[in-house]
Each structure stands twice: as structure tokens, then as C-alpha cells.
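The values are calculated or read from the model by the stated rules, or taken from the named source; none is laboratory data. This structure is a prediction, so every number in the text was calculated from the model and none was measured. Cβ atoms come from the backbone with ideal geometry, glycine included; neighbour counts cover every protein chain shown. Each accessible area value is taken on the protein alone, full model and side chains, heavy atoms only, with ligands, DNA and RNA left out. Shrake-Rupley method; radii C 1.70, N 1.55, O 1.52, S 1.80 Å.
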Amino acid sequence: MNVIDWWYGAIGLSPWAIVAYTLAVTHGTIVAVTVYLHRHSAHRSLDLNPALAMVFRVWLWLTTGMITKEWTAVHRKHHATTETEDDPHSPQVHGLQEIFWKGTEYYRAGSTPETLAKYGKGTPDDWFERKVAVAHPFLGIGIMAMVDIALFGSVGIIIWGIQMLWIPVLAAGVINGVCHHTGYRNFETADAATNIVPWGILIGGEELHNNHHTYPNSAKLSVKRWEFDIGWAWIRLFELCGWAKARSTGPVVTRVQGKAQIDMDTVWAALNDRFRIMSRYAESVVKPLAKQEVRRADASARRLLRRARSVLCRDDTIVRERDRHDINAIVESSPILKTIYEKRLELNAVWAKRSGNGDDLLKAFRDWCASAEETGIQALHDFVHELKSYSMPLRVATT
């Protein structure tokens with residue numbers, strides 16, 4: 001028998017052990033991408049121990065050939081230009097099939113000198129990056145191929161092929177493609193980002209893409225009690241070991257029961273939590289009133305009114321022509337739905353004033369709350385009552 005068994009390789013693992021190994025190494029690559037490249041490098045939502053960061057960098061060189069500065073710059077540009085012609089990989093612009101099958105090509109095309117200079121600041125520029133990762137981007141994956149073949153023989157070629165396809169298909173294809181096309185949305189952001197499943201395991205939590213686009217600087221991608229982000233589980237483990245520290249996990253606000261005065265703390269807290277507030281508006285105001293109108297309507301109008309919950313809460317920047325037609329028909333057929341739709345648009349206009357004068361923002365917020373209560377709609381009255389309870393926690397800066 002040869003030193004290397006060309007079916008089972010030098011270590012002679014069973015088929016099930018080979019499957020387990022393949023899943024382990026591909027998951028390791030996913031963890032490196034989501035924890036190091038995405039949350040640490042691109043968004044600075046957590047700090048990593050330099051030794052752990054180097055482990056991730058070497059592993060990514062071996063399994064993907066990706067360069068930190070290129071990935072970081074392209075991803076930051078994606079967030080800055082989402083769903084526009086300048087977005088490096090939007091399926092809304094280029095089509096789902098194009099991004100799904102050619103996602104890595106779009107990444108490479110997006111790594112222009114201008115993009116790297118503008119969006120790639122703060123990425124590694126040490127000896128390993130210059131002399132190894134950038135100078136020899138394909139050497140690492142070649143070494144990985146030789147290791148897989150040496151360990152597993154001819155099966156190692158299949159293992160290596162799976163490793164090479166794992167990120168292009170799941171990350172570049174599924175996340176950049178499907179997660180901007182199909183799925184559910186917790187928040188109405190000004191883009192088409194979706195969560196494809198509530199349990200982010202296979203792709204490290206990146207499946208919760210709508211959550212991420214809502215709070216891009218959060219190290220934790222799950223926001224609902226039933227959602228799970230395995231990338232966050234790894235980060236918590238690294239924190240326990242002293243290897244990582246999350247810098248942000250979303251907006252920091254508090255609720256003060258019995259608070260009835262709208263002050264500047266109320267406004268800052270509401271601004272910080274505005275996406276959850278608008279989600280709450282959809283659930284506690286639009287949804288029950290839309291159901292009420294469906295029950296009252298005749299059979300011919302019910303089909304249209306059943307769309308009210310989704311189309312009346314959609315961000316105006318991504319409303320399609322068909323949806324616009326339905327919105328107009330809904331608000332014309334129901335005065336109460338017209339009122340709550342207009343109030344939602346007015347509240348969004350208040351959020352848009354966040355970069356202006358603080359006194360003007362406070363006045364606009366107070367005026368909106370007063371006008372909402374004056375409608376006489378109980379659901380709006382209850383919603384305003386909730387808003388008044390918002391405040392900033394003690395010793396938390398408002399930035």
C-alpha cells in the first residue's frame with residue numbers, strides 16, 4: 001500500500017468523518033468572513049485580538065484568496081450606494097441570476113483603485129498583507145489543495161472544490177443576491193435587503209441581512225427572540241476568552257413607564273430606535289386597522305385591502321409601480337387607512353430632520369404626536385403613548 005491511499009488519503013478517515021471535516025473547514029471560513037471581514041474590518045462593530053485576526057487572515061488566504069482591503073472596500077461601497085447603479089453587486093440593478101452566479105466577478109470588478117482609496121481605509125498594511133496576501137493571492141488556495149489531496153487522496157480534490165465554491169455560492173451568491181431579492185423584512189429600510197431565514201447557521205448569521213442593513217454597526221445580527229445568529233455566538237465565545245469585544249449591538253434606549261412629557265431625550269431615543277418604532281407602527285397601528293377594514297369591506301374590495309399591511313408600510317424609495325397603484329386605491333377606498341398612511345409618511349419626514357436644528361426636531365416630533373392624537377384613532381393614541389415613554393439611558397452619550 002502506498003504512503004497515501006489515493007481514495008482515503010494519508011489519514012484514512014471514514015466517509016462520514018470526511019463529511020464532518022468538510023463541514024468544519026467550510027464553517028471555519030464562514031466564521032472568518034462574518035466575524036473578521038464583515039463585522040470587524042468592514043463595520044468596526046467589534047474589536048479582535050490581533051493574534052485571532054491574524055489566524056482569520058491566514059485562513060482566508062488559504063481558503064479563498066480574498067484580500068482584506070478589497071473585500072472591506074467593496075462592502076463599504078455597497079452600503080453607501082445600495083440598490084443604485086454604483087452598488088457593486090445589487091440584484092435589483094443587475095438581476096438576481098447575474099449576481100447569484102457571478103457574485104465573485106462583481107466583487108473583483110468593484111475593487112477599483114478609486115474604491116480601495118475611498119472605502120479601504122483602516123485595513124491591514126503589514127508584511128503579511130503586502131508580501132503574501134496581495135503579492136500571492138492564489139498561492140494559499142494552491143497550498144490548501146495540496147494539503148487536502150495529501151490528507152484525503154482523490155477525495156481531497158472534491159473537498160477542496162467545495163471549499164472553493166462555499167463562499168462564492170453562499171456569500172457572494174446567496175447573501176448578495178437572494179438577500180436583496182427574496183425573504184422577510186423586520187424593518188422597512190430604504191433598500192431591498194431581506195432575511196432569508198430566521199436561523200443564521202449555514203452562512204454564519206448573514207442570512208439575517210435585513211437586520212444587518214438596518215443596524216450595520218451592530219455586531220449582533222439577530223433582533224427578534226426567535227432569530228439566531230451563530231456568528232454572534234462565536235463572538236460571545238471569543239469575548240469569554242478575552243479575544244474579542246463587541247463595540248455595538250444596536251441602538252441603546254430605555255423606556256420609562258409613566259413618562260408623559262416629550263423632551264429632547266425622548267427625541268434622541270426615538271431617533272436611535274426609529275426602525276423598531278416604524279416596525280411597531282406597522283404591527284400595532286397599520287395591521288389591526290387594515291384587518292378591521294377588510295372585515296368591513298365587501299368581497300370585491302377585500303383582496304386589495306389585504307395588501308394594506310405590506311404596501312402601506314413599505315419604504316417609499318423602493319415602492320414598485322404596481323404597489324403605488326395599490327396604495328392609491330387603498331387610501332381612496334378607506335379614510336382611516338389614508339390617515340394612518342399619511343401619518344407614517346409624516347413621521348418618516350420627522351426622522352429626516354435628524355441632521356438639522358435640535359429645537360426644530362423637537363417641535364416637529366411634538367407636533368406629529370399631537371396631530372396623531374387629534375385624529376381620534378385609538379391605535380394612534382396608544383402608539384403616541386408608547387413614544388412618550390422613550391428616553392436615553394443614564395451615562396450614555398447621544399451621537
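Okay, here's what the table says:
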quantity	calculated
Stretch gain in nm, segment Ala24-Arg108, where the contour uses 0.36 nm per residue and the Cα spacing is subtracted	27.5 nm
Probe 1.4 Å - accessible area at Tyr106, Å² to nearest ten	50 Å²
Per-pair calculated FRET efficiency, R0 = 35 Å: Arg296 and Asp86 via Cβ, rounded to 0.05	0.15
Spacing of the two label points (7 Å from each Cα toward its C-beta) at Glu386 and Trp127, in nm	5.7 nm
Solvent exposure ordering (accessible area, 1.4 Å, most first) of Glu207, Glu85	Glu85, Glu207
Mean projected area in nm² (Cα convex hull; one quarter of hull surface) for segment 199-307	10.6 nm²
Approximate spin-label separation Val55-Arg354, in nm, with each point projected 7 Å along Cα-to-Cβ	3.6 nm
For the chain, alpha-carbon Rg relative to the globular expectation (2.2 N^0.38 Å, N residues)	1.16
P(r) of segment 277-345 over all Cα-Cα pairs, binned every 10 Å from zero, in whole percent	22, 60, 18, 0
Cα-based Rg and Dmax for segment 88-155, where Dmax is the largest Cα-Cα distance (Å)	16.6, 45
Rounded to 10°, Cα long-axis angle of helix 139-152 versus longest principal axis of the chain	70 degrees
Computed over segment 97-238, Cα set: Rg, Dmax in Å	17.7, 50
Among Thr72, Trp59, Gly110 - extreme Cα towards positive end, dipole of segment 31-112, charges at beta-carbon	Trp59
Segment 244-316: Cα Rg divided by the 2.2 N^0.38 Å rule of thumb	1.56
Cβ-Cβ FRET estimate between Val134 and Cys241, R0 fixed at 30 Å, reported to 0.05	0.50
Radius, Kirkwood style, for segment 177-224 when every pair of distinct Cα atoms is counted (Å)	10.3 Å
Quotient of Cα Rg and 2.2 N^0.38 Å for segment 273-399, N being how many residues it contains	1.15
Percent carbon-and-sulfur accessible area, segment 71-116, ignoring ligands, DNA and RNA, probe 1.4 Å	51 percent
√(5λ) per eigenvalue of the Cα gyration tensor, segment 242-281, largest first, Å	26, 13, 9
Folded to 0 to 90 degrees: helix 358-374 orientation relative to the chain principal axis, Cα	60 degrees
Percent RCO, i.e. relative contact order, over the chain, from Cα pairs under 8 Å lying at least 6 residues apart	16 percent
Length added when fully stretched, Arg44-Ser284, from 0.36 nm per residue minus Cα-Cα	83.0 nm
CD proxy at 222 nm, helix term only [per DSSP H run n ≥ 4: -39500 (n - 2.57); per residue of the chain; nearest 500]	-16000 deg cm²/dmol
For segment 204-267, diffusion coefficient by Stokes-Einstein and Kirkwood Rh (Cα), 37 °C, 0.692 mPa s, µm²/s	239 µm²/s
Of Lys220/Lys245; Lys287/Lys338; Lys259/Lys343; Lys343/Lys363; Lys259/Lys287, those spanning more than 18 Å from alpha-carbon to alpha-carbon	Lys259/Lys343; Lys259/Lys287
Efficiency of FRET between Met146 and Asp367 - r from beta-carbon atoms, R0 56 angstrom, step 0.05	0.25
DSSP beta bridges in the chain [antiparallel fraction, %, rounded to 5]	80 percent
